[in-house]
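Written below as structure tokens is the structure these notes are about.
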Amino acid sequence: MWENLEIGLEKVSQEQLKEKPAQDSLGFGLHFTDHMFLMKWDRQSGWHDAKISPYHKFKLDPAAMVFHYGQAIFEGLKAYKGKDGQIYLFRPEDNIERMNASALRMCMPRLPVAKVLKALKALVYLDRDWIPTAEGATLYIRPTMIAVEPALGVRAAGQYYFYIIMCPVGAYYPEGFSPTKIYVTDKYVRAVIGGVGDVKTGGNYAASIMAAEEAHQAGYTQVLWLDACKRKFVEEVGTSNIFFMINDELVTPSLDGSILPGITRDSVIQLARKWGVKVLERPIAIDEVVAASIDGSLTEAFSTGTAAVISPVGELCYQDTKYVINRGRTGEFSQRIFNELQAIQSGQQEDPFKWITRVG
Ligand code: COI
């Protein structure tokens with residue numbers, strides 16, 4: 001299928017094919033497939049040199065601007081192999097469009113959506129034997145754009161690489177789909193309104209590591225971020241969006257500019273509304289969550305993301321007090337939404353929202 005594209009193709013030779021890792025111990029983001037996609041941008045030529053080639057290292061100038069000022073954006077999406085043997089992508093155009101929103105904010109060039117989608121499908125098809133079939137395992141796809149111009153002035157770079165790499169992955173959290181314990185930090189903040197919290201740029205993740213390390217040391221899987229100004233309103237969990245089931249209403253923080261507009265978040269909202277569940281996107285104070293936990297109206301909490309999928313929250317620790325949610329067990333709604341999403345993503349369930357794209 002890639003023969004028709006204006007995209008170069010260099011396949012690995014039979015001898016260069018890598019050995020595939022065992023599907024029961026994949027971890028996350030540790031093994032990379034045989035091929036990758038790369039295209040380059042400069043002011044004169046725009047996007048050019050689009051090519052699928054064997055997975056390889058880059059030779060970059062030490063002055064490449066990404067190393068100094070962090071002009072770097074990325075996405076995460078997954079390919080699934082259905083029981084019918086078909087290959088599916090979940091909402092890939094939305095990832096490319098979100099990357100373009102990130103590119104705009106970070107003064108990086110816009111991607112040609114149709115061309116990137118074609119390249120993505122061709123790459124997935126070429127490396128289709130890498131898509132795991134074991135329960136809970138998928139092929140994670142990481143589109144990335146970096147500034148490569150060698151220059152030390154602080155400004156938008158004039159040269160970029162856009163590339164796609166892929167890895168077979170297991171669960172993102174060691175707990176898998178079992179409930180996680182989350183530490184609510186009021187010491188560190190993730191993002192401010194007017195900053196880049198709603199953009200998928202590397203710096204947001206670098207800035208989150210210290211809080212995550214401290215949470216791990218205290219025995220927690222991830223951090224729940226509060227707003228930067230008042231340290232009062234809930235924002236995100238680690239690398240995912242957060243939902244609470246309070247009084248049978250599904251509540252999630254509104255997208256006010258400092259929260260990542262998650263594609264899984266949006267899918268959960270659409271599915272829940274279709275099922276007749278009342279969904280509220282609104283500011284939610286941590287005090288409200290705590291009060292709802294104490295009076296029993298908080299029955300479930302879960303985080304959502306491409307990597308994490310649906311990750312139930314079994315415990316929150318806020319200001320040295322532990323709040324156990326649903327007796328530390330996966331809630332009924334969390335389980336239902338997880339099952340439904342997985343079934344749609346792998347082509348086993350009707351796709352009323354036209355979310356999946358077939359490859360090949
Ligand atoms: C994703 O869910 O795809 C993410 O980008 C989170 C990642 C940083 C592991």
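Note on the stretch 186-211: residues that are within 16 Å of the ligand (Cβ to nearest atom) and in a loop (DSSP other than H, G, I, E, B) total 7.
None of Gly347, Gly360, Gly331 is of a type outside the set (Phe, Trp, Tyr), surrounded by 15 or more Cβ atoms within 10 Å (Cβ to Cβ), more than 16 Å from the ligand (Cβ to nearest atom) and at pLDDT below 95 except Gly347.
Taken together, the criteria exclude Lys83 from residues that are basic (Lys, Arg), assigned to a loop (DSSP other than H, G, I, E, B), touching a residue at least 24 places away in the same chain (Cβ under 8 Å) and surrounded by 14 or more Cβ atoms within 10 Å (Cβ to Cβ). Would the stretch 138-146 turn up any residue that is closer than 18 Å to Lys40 by Cβ, more than 17 Å from the chain's Cα centre (by Cα) and away from the ligand (no atom under 16 Å from the Cβ)? No, the conditions are met nowhere in the stretch 138-146. Of the conditions (1) under 25 Å from Ser267 (Cβ atoms); (2) assigned to a strand (DSSP E or B), Tyr183 satisfies every one except a single condition; which number is it? Condition not satisfied by Tyr183: (1). Across the stretch 289-308, a minimum of one residue is classified as among the polar types (S, T, N, Q), part of a strand (DSSP E or B) and closer than 18 Å to Thr239 by Cα.
Restricting the stretch 123-137 to residues that are of a type in the set (A, V, I, L, M, F, W, C) and either in contact (Cβ under 8 Å) with a residue 60 or more places away in the chain or over 28 Å from Ile7 (Cβ atoms) (or both) leaves a set whose member that is farthest from the ligand (Cβ to nearest atom) is Leu126. Selection of the stretch 240-260 for residues being in a loop (DSSP other than H, G, I, E, B) and surrounded by 21 or more Cβ atoms within 10 Å (Cβ to Cβ) yields Pro253, Ser258, Ile259, Leu260.
Set side by side, the residues Ile294, Ile263 differ, and just one is among the aliphatic types (A, V, I, L, M) and surrounded by fewer than 17 Cβ atoms within 10 Å (Cβ to Cβ), which is Ile294. Among the residues making up the stretch 92-119, those that are buried (at least 17 other Cβ atoms within 10 Å of the Cβ) and either in contact with an Asp or Glu (Cβ under 7 Å, 6 or more places away or on another chain) or free of Cβ contacts under 8 Å to residues at least 12 places away in the same chain (or both) are Asn95, Arg98, Met99, Leu117.
The set of residues in the stretch 45-77 being in a strand (DSSP E or B), within 16 Å of the ligand (Cβ to nearest atom) and not aliphatic (A, V, I, L, M) consists of Phe74 alone.
The single residue among Leu26, Leu30, Leu77, Leu89 that is exposed (fewer than 14 other Cβ atoms within 10 Å of the Cβ), within 27 Å of Gly305 (Cβ to Cβ) and touching a strand residue (DSSP E or B) at 6+ places or on another chain (Cβ under 8 Å) turns out to be Leu30.
The values are calculated or read from the model by the stated rules, or taken from the named source; none is laboratory data. Keep in mind that what you see is a predicted model, and the values were worked out from it rather than measured. Cβ sites come from the backbone with ideal geometry, for glycine too, and all protein chains shown count toward neighbours.
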